[in-house]
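A short worksheet on the structure shown next.
The values are calculated or read from the model by the stated rules, or taken from the named source; none is laboratory data. For clarity, every value in this text was computed on a predicted model and none was experimentally measured. Heads up, the Cβs are rebuilt from the backbone with ideal geometry, glycines too, and the neighbour counts pull from every protein chain shown.
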Amino acid sequence: MAAMTNDFSALAAPDSGLWPVSKKPEDKTKGEFVRLVWRELTPDAFTTIQEFDEWFKKTLVPRTIESLGGPQVGGMLLHVKFKHGGVAHFMRWVLMKFTTTTSPQEAAAAAAEAAAEDARTAKLMKEKAMVYPAILPRTRTITRPRPSPPPKPAGLAAMMDDENLAMLEVMQKEGPQAAMEAMMEAAGGDYAEMRMMYG
């Protein structure tokens, strides 16, 4: 396997917080890889970007390749399924699907706050129904037609992420040259980074 180099400076400092997600993600096109990554992912696998990088290189990649049939077969399957950079594409996919910048403590606090808010809302609704029981049945709801939602993208645009859709919009409105300039600017003038970001 070729040596991997990753520049996380665009993401954040190596000691920035990064944690495994608590719910198994879905990806119908890469179901076997979801299963293999989820099998190796433990709640304490990493807590920083640097620890993620080490876990990915020393644990996930070797075990995934071995599970897929060893260095030759597994390496080939990894490059076939992640055709936009092989292992580097696999790493970006794992980062997007299996990590979060919200710590477990922050997530638990947010969930508790949401549950408390739900309980307060339910209590207020119950009190309101008790205070106005005779009025509520007689009120009528006036419904107005809702505007139609904007059309969903079709064709290749339906498969694009938000960043690529934004560049498609620039290309449609201002032309290919403007889209190229916008992509290069978003990548900080680095052609290789632009290719990784936009394919």
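Worth a mention:
- Counting only helices (runs of 4 or more DSSP H) that sit completely within region 29-137, those holding 2 or more residues that are of a type in the set (K, R) and out of contact with any Pro (no Cβ under 8 Å at 6 or more places or on another chain) correspond to 31-40, 104-131.
- The selection criterion, being at pLDDT 80 or above, among the aliphatic types (A, V, I, L, M), outside the structural domain of M96 (by TED's automatic domain parsing) and under 30 Å from T29 (Cβ atoms), holds for M171.
- Pairs where the first residue, in region 36-50, is closer than 19 Å to K81 by Cα and the second is in a loop (DSSP other than H, G, I, E, B) and aliphatic (A, V, I, L, M), C-beta under 9 Å, 6+ apart: L36/L68
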